[in-house]
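In what follows, a single structure is set out as structure tokens and then discussed.
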There are 2 protein chains.
Amino acid sequence: MRLAIDAMGNDNGPPPIIRGVREFLGTNSDAVVVLVGDRDRLDPILAAEGLSKSPRIELVHASQVMEMEDGVAELREKRDSSIMRLAKEVKEGRADAMVALGNTAAAVGAATIMLRLLPGVRRPGIAVPMPTRRPGRPCVVLDMGANTVCKPSHLLAYGVMASLYAERVLGVESPRVGLLNVGEEKGKGNESLREAFRLLEASPVNFIGNIEGSDIFAGTCDVAVCDGFLGNVVLKAVEELASAMSDWLKESLLSSWRSKFGAWLARDGFKVFKRRVDYAAHGGVPLLGVNGVCIIGHGRSSPEAVKNALRVARESVKQRVNERIRDSLAAFSASQPADGAESD
Amino acid sequence: MRLAIDAMGNDNGPPPIIRGVREFLGTNSDAVVVLVGDRDRLDPILAAEGLSKSPRIELVHASQVMEMEDGVAELREKRDSSIMRLAKEVKEGRADAMVALGNTAAAVGAATIMLRLLPGVRRPGIAVPMPTRRPGRPCVVLDMGANTVCKPSHLLAYGVMASLYAERVLGVESPRVGLLNVGEEKGKGNESLREAFRLLEASPVNFIGNIEGSDIFAGTCDVAVCDGFLGNVVLKAVEELASAMSDWLKESLLSSWRSKFGAWLARDGFKVFKRRVDYAAHGGVPLLGVNGVCIIGHGRSSPEAVKNALRVARESVKQRVNERIRDSLAAFSASQPADGAESD
């Protein structure tokens, strides 16, 4: 298996990525990692890490880099950027998956331009697994920001894709799919949401109806479908809250010596807690709907997060998620009457 | 000062409300509380609590109750419901503020029907103060669900009202007002959000531009303006996450005896943490934009939450928040060209 990664997509430069790659290769003997980026910058780092001669690390040169402030327009100008080269590796069959770090809009754009969309998909979506009250049973929120203006048919495809992802990669049997709304009653939300409700109801997914924001964490559903605007605001809010709560907990426990000592004694308990809450544990999240495996990670990924993003990519390739999504969408489309009412 | 409260709006019946009222009166000697509800049910509870003869508790009879599943349509049929009677007490000047518990849609509906809106306000909004990384400096999120379909002018009024609330009741000087969006750049979001951006930019509030979900907790703004759909989903999600994280922390610390003992030693630190996170601490949140003080609390409020909701009501009356919002909106409207473009 060959996994390609954007070696330039880290706020702290390539070293954390290269260390993550080494950690990943240490525990995954079946994989080769293709580093995509500026050869002149990467060579000395590989040498310093003693990886220059590794037969399982390859280097693909890219002369340009997409900056964090670059938008999709800059993608067309930066054809030799690491993110475009990365997507090209998958497009031309030299890699089985791409791991993009950093600029999310650039990653979505490059993957869409290079890999194209799966038949029946009009917009790709970023799927983010969140921890829930049911241990080991995450809730996949889709879309977290690839597509901020969604039509009902986009939401339908999100439900189908996230359901397959939850089943195949996360091991959830018959995932319960909910539509994120302001109340559980059928008529809630605007006309677009009501139409999405009808489409999901008629689809083969295990649709449980409208859900509320609390259901993401309550353990009452396995997939939460929403447009990228809502998903983006919600996920950024909960990520910051979780991080702030962890910091407040630390500060509060340092407020007295006795409390500090107690916290030290309880350190194993805190480790259990941290594992349960840690959003970085997945390392990367899949962009679903493009014709190829694309995993998106943070621009400030630690080596561990990079390792985990590669692990998610490997799992997606092994589980043939994209092929299954493609087949499932094709079977579903074939069973539907021709859809002429909705353009794009 | 006379504060009226819906004595029927608790999932566990009137007793927690009546206990909260007693606690509130114990520390606020300048207030009289008017209980609105079924006299036959309330009399024996007041007697059991030894409050029958209290000169600072009055009872107003209401023969009907709005159930949790009742919508605004039922309000018109249940003219003698406790929530309608409650709003009537304020409307007819027999109370300075209403504290509604339970069915939020009913509370918004009753307040809007009875009290009417302030001049220049087209939709009321629920303002929820959230804890932030800056101790003692909350971020007011408005609207959390009174108005799920917002026009730009509604968002403008939300910015003005929440800014005044943050300044007058929460004591924030020159509150920084942000517009909840998927990125900070000026052009983000749909046309409605871009128009709201322009209106807020031209308004007298201290508008800092677009903000992201993370800014609610980051301490970067004091007011986050959004439509009631977004606000509802975000606030329900973060409320459940905060509650789940607290439970996961408890469970994790019980995972070993050493950790359990450590947590016991650190109990004061956890108390500090709890105070910082506790969403129930405010007890109730204001419905802004109606012509009277209306505080909305949970249907499962504890006596402490009821006490705090009454405290918020008292503070709002004392700070003359509504008068100030009315004056400020009037001054602002007078400075604007006539608005003919937008109906309703």
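The values are calculated or read from the model by the stated rules, or taken from the named source; none is laboratory data. Small disclaimer: the values here were computed from a predicted structure and weren't measured. All Cβ positions, even for glycine, are placed from backbone atoms using ideal geometry, and neighbour counts span all protein chains on display. What goes into the accessible areas is simple: the full protein's heavy atoms, side chains included, and nothing from ligands, DNA or RNA. Shrake-Rupley method; radii C 1.70, N 1.55, O 1.52, S 1.80 Å.
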- Task: Scan the range B:226-263 for residues that are within 7 Å of chain A (Cβ to nearest Cβ) and exposed (fewer than 15 other Cβ atoms within 10 Å of the Cβ) and report the count.
- Result: 2
- Of all residues in the range B:96-116, which are of a type outside the set (Gly, Ala, Ser), under 24 Å from B:ALA31 (Cβ atoms) and not in a helix (DSSP H, G or I)? B:ASP96, B:MET98, B:VAL99, B:LEU101
- within 20 Å of A:GLU304 (Cβ to Cβ), modelled with pLDDT under 95 and surrounded by fewer than 17 Cβ atoms within 10 Å (Cβ to Cβ): does that describe A:ASP11? yes
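How many residues are in a helix (DSSP H, G or I), farther than 15 Å from A:ALA244 by Cα and open to solvent by 20 Å² or more (accessible area, probe 1.4 Å) if we restrict to the range B:188-223? Give the steps one after another, and end with the answer.
Of the range B:188-223, the ones in a helix (DSSP H, G or I) are B:191-202, B:215-218.
Filter once more, keeping what is farther than 15 Å from A:ALA244 by Cα: B:191-202.
Checking which are open to solvent by 20 Å² or more (accessible area, probe 1.4 Å) leaves us with B:191-195, B:198-199, B:201-202.
Counting residues in the range B:188-223 that are in a helix (DSSP H, G or I), farther than 15 Å from A:ALA244 by Cα and open to solvent by 20 Å² or more (accessible area, probe 1.4 Å) gives 9.
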- In the range B:16-37, anything more than 14 Å from B:PRO303 (Cα to Cα) and open to solvent by less than 10 Å² (accessible area, probe 1.4 Å) is listed as B:ALA31, B:VAL33, B:VAL34, B:LEU35, B:VAL36, B:GLY37
- Mind checking which pairs have a first residue in the range A:4-27 that is within 19 Å of A:ALA87 (Cβ to Cβ) and a second that is part of a helix (DSSP H, G or I) and among the charged types (D, E, K, R), Cβ under 6 Å, 6 or more apart or different chains? A:ALA4/A:GLU89
- Subset of the range A:103-113 (residues that are open to solvent by 10 Å² or more (accessible area, probe 1.4 Å) and in contact (Cβ under 8 Å) with a residue 60 or more places away in the chain): A:ASN103, A:THR104, A:VAL108, A:THR112
- Message: So in the range A:281-297, with the set limited to residues that are out of contact with any Pro (no Cβ under 7 Å at 6 or more places or on another chain) and at pLDDT below 85, which one is farthest from the other protein chains (Cβ to nearest Cβ)?
- Response: A:GLY283
- Message: Suppose we filter the range A:59-93 for residues that are open to solvent by less than 70 Å² (accessible area, probe 1.4 Å) and in a loop (DSSP other than H, G, I, E, B); how many remain?
- Response: 8
- Filter pass, A:ASP278 being open to solvent by 10 Å² or more (accessible area, probe 1.4 Å) and more than 8 Å from every other protein chain (Cβ to nearest Cβ): yes
- Give the residues of the range A:71-96 that are within 20 Å of the chain's Cα centre (by Cα) and closer than 24 Å to B:GLU185 by Cβ, sorted by residue number. A:GLY71, A:VAL72, A:SER82, A:ILE83, A:MET84
- Task: Name the residue, out of A:VAL172, A:VAL225, A:VAL238, that is touching a Leu at 6+ places or on another chain (Cβ under 6 Å) and modelled with pLDDT under 95.
- Result: A:VAL238
- Message: Can you name every one of the helices (runs of 4 or more DSSP H) wholly within the range B:228-317 that holds 1 or more residues which are within 30 Å of A:GLY228 (Cα to Cα) and aliphatic (A, V, I, L, M)?
- Response: B:228-253, B:267-277
